[in-house]
Amino acid sequence: MKTKTNTQGGRYGRSGLPVEFDGIARNFKDVAALKSFNLHADPGELIVLLGPSGCGKTTALRVLAGLEMPDSGRVTIGNHDVTSLPAAKRNIGMVFQSYSLFPNMTARENVEFGLRVRGQKQSDRTARSNELLELIGLKDQADRYPHQLSGGQQQRVALARALAIKPEVLVLDEPLSALDAKVRSSLRDEIRRIQLELGITTFFVTHDQEEALAIADRIAVMHQGQLEQLDTPLAVYTNPATEFVAEFVGTVNRLPGKVINSNTVEVATVGPINYAYDGAFPSGSQVEVLVRPESIGVRDGGDDTCRVLAKSFLGSTIKLTLLDKSDRLIIVAIPTSEAALVANSETVSLYSRGDALLVKDGAR
Amino acid sequence: MVTIAPDITSKPGSANNSSDVLRLGRPFRYIVLTLVGLFFIVPIVSSARFSFLGNHNSFTISAYTQLFGTAQFWSTLFLSAKVGVGTVFLTLLLLIPTVVWVHVRLPKLRRVFEAASLLPLVVPSVVVTLGVITSFRGLPNIIYGTPVILSLEYVVLALPFSYRALDSAVQSIDLKTLVEAGQSLGSGWIKLLRYVLLPNLRGGIIGASILTFAFCLGEFAVASLLSFTTFPVFLVQVGQLAASQAVALSLLALLFTWIPLAVITIVFSQRRAKRSTPVLDDLEIS
Ligand SMILES: Nc1ncnc2c1ncn2[C@@H]1O[C@H](COP(=O)(O)OP(=O)(O)OP(=O)(O)O)[C@@H](O)[C@H]1O
Ligand SMILES: [Mg+2]
């Protein structure tokens, strides 16, 4: 894949630019969409912005693209402060959530639009649009109008159109959310392939955790207009910086526990679990422990048993919904290879098979 | 977006109303159509008949020949057409940027602008006329003392029609996203207007032009108040002297409104049909 970038005579052979959000604030009346928002993207990296609705993801992208002016703070691309540069001068490729192709132009004319407004010759434009239509696999549909294309095809053309101008940064705001699941996952992989091929610094917004975990170099988890954590998908999942991140990415169980020593906590129903906490709690403190479903194992029998409420088969794992003796719901995910353990059991007992995600003060 | 208000966006007569009509059956539909047709056609036909009626019920075209021979007929017609074209031009110049700007930058004020555009329907036209006159009092005589002032009046008076036509065209596309997409691709406003906005708002622009032009060709009160002898004013003057000529005139007025409308519609629909080959490219390269 990567070799193609070089054989194209440097057309793509540019590794991306670093992007920096520095203390961005943006208010809409009394709503603070972004407040002292900081984020640094390395050259060529794909950063997924993830967070609940209204946390400011779109606003962040729009500030980067120049479609929204921040009240304060700076946006830097490469070494240039672009904060006061209008959108048309930023050279940022943007793909929108809603279909945004120009309805009066064919796929090819859409792709060429950015070149046309730059006054490029028709022959150059055609060459470039051929190249991009090929890249997104829509060469045969070049002369169709947007209304003659499927949703997925339209978003591909939108991607090609954004890339045609050789943007310094690529920005995609939930580009796949209007598509059905199958198209979504294939187009997602394709976007990632193209992004890697071009080595372009990219920001991608999604609501879909699986999508985020699958394509991101790093995930930026946002909460109430601020960056909560910026880390690799694995680190965000296994080592969340805050309770919010732990809850938002993946599933967690919250269980009361009592600290035994600086790296073990006794958790209700599950038993002793290891944890790593810098400012260790004194032994005996009552705490709340966050545990991932796959960090809990099940076995037959035992005294402290849970009732099995539901089993759902998810392919490589089985998700169990359990009710313990104090009526707490516990979600456990076991590998499918252990299916036999719960094949006939109405009740199971639990043990820890991984570390606690987070330990926080005070049981509820 | 679209699904939220299906009643507005779906074609008129579909879904809701049609079920009732269908239940009443086809005969009912034909009766309604016939009645409506008669309502429009009977007056036109009988006017036409009357205009060709000579002494002792003979057939004559003298009403027309006399009219065509009158210098004032041509001069007033020319004046009305001139004012109409000027008004359409000013209207588009004023409204296209306004409507676009309101949608992209001031979406919260959309309702306000819409309500304001309806004011000329509510406020008596004499008041609007005086208002416009007063506002432009300071301007040089080329505007104030010429039919230009009439065009300025008509821009305001035709607002309820022109603004609505453009506004609904804008609403039927995702204007904000298209504008932002264009900007992020490096386009300034001029090129956005030329390549994106005008082509996609064509329907609304044609509609607004037609309505405005028709309005100008039919307006009497303001023209008369400002002492301009436009076509409708001439028509009324003639009507006080020669009835059959007046009727002939009003038929001609109908024609003169319809012909430009037909031409505009045909020209634009042909341009649209040709679109499948990239028209703008040809225009632009040289
Ligand atoms: N143009 C605007 N006018 C007023 N408030 C706005 C505007 N744009 C965004 N907001 C507010 O700013 C906050 C952040 O909005 P933003 O669109 O950035 O969220 P988001 O993370 O993209 O959400 P979603 O996942 O739903 O798209 C929200 O509370 C929103 O209501
Ligand atoms: Mg959003």
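The values are calculated or read from the model by the stated rules, or taken from the named source; none is laboratory data. What you are looking at is a predicted structure, and each value in this text was computed from that prediction instead of being measured. Methodologically, a virtual Cβ is constructed for each residue, glycine included, from the backbone with ideal geometry; neighbour enumeration extends over all protein chains shown.
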query: If a residue has to be within 11 Å of chain B (Cβ to nearest Cβ), assigned to a loop (DSSP other than H, G, I, E, B) and touching a helix residue (DSSP H, G or I) at 6+ places or on another chain (Cβ under 8 Å) to count, how many in segment A:149-186 make the cut?
result: 1
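Would you confirm whether any residue within segment B:221-236 is facing chain A (nearest Cβ under 10 Å) and over 24 Å from residue A:175 (Cβ atoms)? Don't jump to the end; show me each part of the working.
Going residue by residue through segment B:221-236, those that are facing chain A (nearest Cβ under 10 Å) are none.
No, every residue in segment B:221-236 fails to be facing chain A (nearest Cβ under 10 Å) and over 24 Å from residue A:175 (Cβ atoms).
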statement: Checked against (1) crowded, with 17+ Cβ neighbours inside 10 Å; (2) within 28 Å of residue A:87 (Cα to Cα); (3) within 16 Å of ligand 2 (Cβ to nearest atom), residue A:207 satisfies every condition except (1)
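Each row is one residue, and each column tells you yes or no for (1) outside any strand (DSSP E or B); (2) of a type in the set (Ser, Thr, Tyr); (3) buried (at least 23 other Cβ atoms within 10 Å of the Cβ); (4) within 16 Å of ligand 2 (Cβ to nearest atom).
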residue: A:47; (1), (2), (3), (4): no, no, no, yes
residue: A:58; (1), (2), (3), (4): yes, yes, no, yes
residue: A:63; (1), (2), (3), (4): yes, no, yes, yes
residue: A:68; (1), (2), (3), (4): yes, no, no, yes
residue: A:76; (1), (2), (3), (4): no, yes, no, no
residue: A:88; (1), (2), (3), (4): yes, no, no, no
residue: A:98; (1), (2), (3), (4): yes, yes, no, yes
residue: A:105; (1), (2), (3), (4): yes, no, yes, no
residue: A:112; (1), (2), (3), (4): yes, no, yes, no
message: Looking at A:246, A:241 in this structure, which one is surrounded by 15 or more Cβ atoms within 10 Å (Cβ to Cβ), touching a residue at least 12 places away in the same chain (Cβ under 8 Å) and not in a loop (DSSP other than H, G, I, E, B)?
response: A:246
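Closer than 30 Å to residue A:165 by Cα and more than 7 Å from chain A (Cβ to nearest Cβ): does that describe residue B:171? Please lay out each step first, then the result.
Numbers: closer than 30 Å to residue A:165 by Cα: yes; more than 7 Å from chain A (Cβ to nearest Cβ): yes.
When the stated conditions are applied, residue B:171 passes them.
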field: Residue list for segment B:33-60, filter: within 21 Å of residue B:254 (Cβ to Cβ), in a helix (DSSP H, G or I) and not aliphatic (A, V, I, L, M)
entry: B:37, B:39, B:40, B:43, B:46, B:47, B:49, B:50, B:51
message: So residue A:94 passes all but one of these: (1) under 30 Å from residue B:170 (Cα atoms); (2) in a strand (DSSP E or B); (3) away from ligand 1 (no atom under 16 Å from the Cβ). Which condition number does it fail?
response: (3)
message: Looking for something more than 14 Å from every other protein chain (Cβ to nearest Cβ) and under 18 Å from residue B:212 (Cα atoms) - is there at least one such residue anywhere in segment B:136-148?
response: yes
query: Just for segment A:291-312: of the residues that are surrounded by 12 or more Cβ atoms within 10 Å (Cβ to Cβ) and over 12 Å from residue A:331 (Cα atoms), which one is farthest from the chain's Cα centre (by Cα)?
result: A:302
task: Give me a count of the residues in segment A:318-335 that are at pLDDT below 90 and more than 21 Å from residue A:258 (Cβ to Cβ).
output: 0
- request: Only one of these is closer than 16 Å to residue A:28 by Cβ, within 16 Å of ligand 1 (Cβ to nearest atom) and touching a residue at least 60 places away in the same chain (Cβ under 8 Å): A:73, A:56. Name it.
  value: A:56
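To keep it simple, each residue is scored yes or no on (1) within 14 Å of chain B (Cβ to nearest Cβ); (2) of a type in the set (Lys, Arg).
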site	(1), (2)
A:29	yes, yes
A:47	no, no
A:53	no, no
A:57	no, yes
A:64	yes, no
A:90	yes, yes
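Can you tell me which residue in segment B:206-220 is nearest to the other protein chains (Cβ to nearest Cβ), limited to those that are surrounded by fewer than 23 Cβ atoms within 10 Å (Cβ to Cβ) and in contact (Cβ under 8 Å) with a residue 24 or more places away in the chain? Don't jump to the end; show me each part of the working.
Taking segment B:206-220 first, the residues surrounded by fewer than 23 Cβ atoms within 10 Å (Cβ to Cβ) are B:206-207, B:210-211, B:214-215, B:217-218, B:220.
Then keep just the ones that are in contact (Cβ under 8 Å) with a residue 24 or more places away in the chain; that gives B:206-207, B:210-211, B:214-215, B:217-218.
Values: B:206: 15, B:207: 17, B:210: 21, B:211: 23, B:214: 27, B:215: 28, B:217: 31, B:218: 33 Å.
Among residues in segment B:206-220 that are surrounded by fewer than 23 Cβ atoms within 10 Å (Cβ to Cβ) and in contact (Cβ under 8 Å) with a residue 24 or more places away in the chain, the one nearest to the other protein chains (Cβ to nearest Cβ) is B:206.
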Residue satisfying all of: in segment A:126-148; assigned to a helix (DSSP H, G or I) and more than 30 Å from residue A:17 (Cα to Cα); nearest to the chain's Cα centre (by Cα) among these: A:146
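Does residue A:114 satisfy the criteria of being over 25 Å from the mean Cα position of the chain (by Cα), touching a residue at least 12 places away in the same chain (Cβ under 8 Å) and either farther than 17 Å from residue B:195 by Cβ or facing chain B (nearest Cβ under 10 Å) (or both)? Spell out the reasoning first.
On the way: over 25 Å from the mean Cα position of the chain (by Cα): yes; touching a residue at least 12 places away in the same chain (Cβ under 8 Å): yes; either farther than 17 Å from residue B:195 by Cβ or facing chain B (nearest Cβ under 10 Å) (or both): yes.
So residue A:114 fits the description; yes.
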- prompt: In segment A:26-45, what count of residues is obtained for those that are in a strand (DSSP E or B), crowded, with 19+ Cβ neighbours inside 10 Å and under 17 Å from the mean Cα position of the chain (by Cα)?
  reply: 2
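Matching residues to (1) surrounded by fewer than 17 Cβ atoms within 10 Å (Cβ to Cβ); (2) in contact with a Phe, Trp or Tyr (Cβ under 9 Å, 6 or more places away or on another chain); (3) aromatic (Phe, Trp, Tyr):
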site	(1), (2), (3)
A:85	yes, no, no
A:129	no, no, no
A:151	yes, yes, no
A:177	yes, no, no
statement: With the first residue restricted to segment A:325-346 and required to be closer than 15 Å to residue A:309 by Cβ, and the second required to be part of a helix (DSSP H, G or I), Cβ contacts under 6 Å at 6 or more apart or on different chains are A:331/A:293; A:332/A:293; A:333/A:293; A:333/A:294
message: What's the total number of residues in segment B:174-189 that are at the interface with chain A (Cβ under 7 Å from one of its Cβ atoms) and in a helix (DSSP H, G or I)?
response: 6
- prompt: Could you say whether any residue in segment B:95-108 is surrounded by fewer than 13 Cβ atoms within 10 Å (Cβ to Cβ), in contact with a helix residue (DSSP H, G or I) (Cβ under 6 Å, 6 or more places away or on another chain) and either touching a residue at least 40 places away in the same chain (Cβ under 8 Å) or under 18 Å from residue B:162 (Cβ atoms) (or both)?
  reply: no
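Taking residue A:163 as the residue in question, decide whether it is more than 16 Å from ligand 1 (Cβ to nearest atom) and either basic (Lys, Arg) or crowded, with 23+ Cβ neighbours inside 10 Å (or both).
Details: more than 16 Å from ligand 1 (Cβ to nearest atom): yes; either basic (Lys, Arg) or crowded, with 23+ Cβ neighbours inside 10 Å (or both): yes.
Here the answer is yes, as residue A:163 does meet what is asked.
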- line: Note on segment A:92-104: residues more than 8 Å from chain B (Cβ to nearest Cβ) and of a type in the set (S, T, N, Q) are A:97
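Being within 22 Å of residue B:104 (Cβ to Cβ), within 16 Å of ligand 2 (Cβ to nearest atom) and either of a type outside the set (A, V, I, L, M) or outside the structural domain of residue A:191 (by TED's automatic domain parsing) (or both) is the filter here; which residues of segment A:19-45 pass it?
In the first step, residues of segment A:19-45 are kept if they are within 22 Å of residue B:104 (Cβ to Cβ); the result is A:26-29, A:31, A:33-34.
Cutting the leftovers down to within 16 Å of ligand 2 (Cβ to nearest atom) gives us A:26, A:28, A:31, A:33-34.
Passing the criteria: A:26, A:28.
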query: Residue check, residue A:220 against (1) more than 16 Å from ligand 2 (Cβ to nearest atom); (2) among the aliphatic types (A, V, I, L, M); (3) touching a residue at least 40 places away in the same chain (Cβ under 8 Å), all met but one. Which one?
result: (1)
